Amino acid sequence: MKKLIISGIFMLTTSMFLFAQSAYQVKSFKMTVAGTSTLHEWESKVNKVTAKGDIMADVNAIQSIKNLSVEVDAKSIISTKGKVMDTKTWEALKADQHPKITFKLSKVESISKSGAEFVIKTTGNLSIAGVTKSVPMEAKGKILANGDLEFSGSKLIVLSDFGMEQPTALMGTVKVGKEVTVKFSVVMSSAAVQ
């Protein structure tokens, strides 16, 4: 009987450990912002991203996500087209007045398994250029062999939705398109194991 009780306590403790909510933060990332203009397509690289959240996962599944927040340094967005493009981007983002672009999770709509990945549908508050809107956000999640979690996806953003004007150059003869696409791939690891 004593062995049975000890065994039960061990199993309960082990299952609690496997499904414990852990604080995760960014280990590595790749993020780009891409769009069009009357002259050419363009892409900018995001060089500074922080993210943290409470995630429950084990070796087989991502169970839940809570308190997730992502922060991008607006002036870390650098174009392949040079300094003039960067300046126009930062002006559109109102980066001097609003230096951070943020996403704060408000609700996880669903987490469903799709092959080796998980499709995560969420709603959250996205703040750009001083304007905050509730937006749907979908990502794919993957559990890596070392226990880290990888999230990837893309989001189409209409500039006018956030009060941003389309950047122009050469006295208005070159104009950026009305939409941009943000693509991201973020690897997060448990703060407990870093």
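Nothing in this text is a laboratory measurement; each read-out follows from the coordinates by a stated rule. Small disclaimer: the values here were computed from a predicted structure and weren't measured.
Numbers below:
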{"read-out": "Gyration tensor (Cα) of the chain, equivalent ellipsoid semi-axes in angstrom", "value": "41, 14, 14"}
{"read-out": "Contact order relative to length of the stretch 93-180, as percent, for alpha carbon pairs under 8 angstrom and 6 or more apart", "value": "20"}
{"read-out": "Inter-part distance where the stretch 93-169 and the stretch 44-64 are each reduced to a Cα centre, Å", "value": "12"}
{"read-out": "Computed [θ] at 222 nm, deg cm²/dmol, the chain (DSSP H ≥ 4; -39,500 (n - 2.57); rounded to nearest 500)", "value": "-4500 deg cm²/dmol"}
{"read-out": "Cα-Cα P(r), the stretch 23-126, percent of pairs per 10 Å interval", "value": "13, 36, 30, 18, 4"}
{"read-out": "Span per principal axis, largest first, for the Cα atoms of the stretch 91-146 (Å)", "value": "43, 25, 15"}
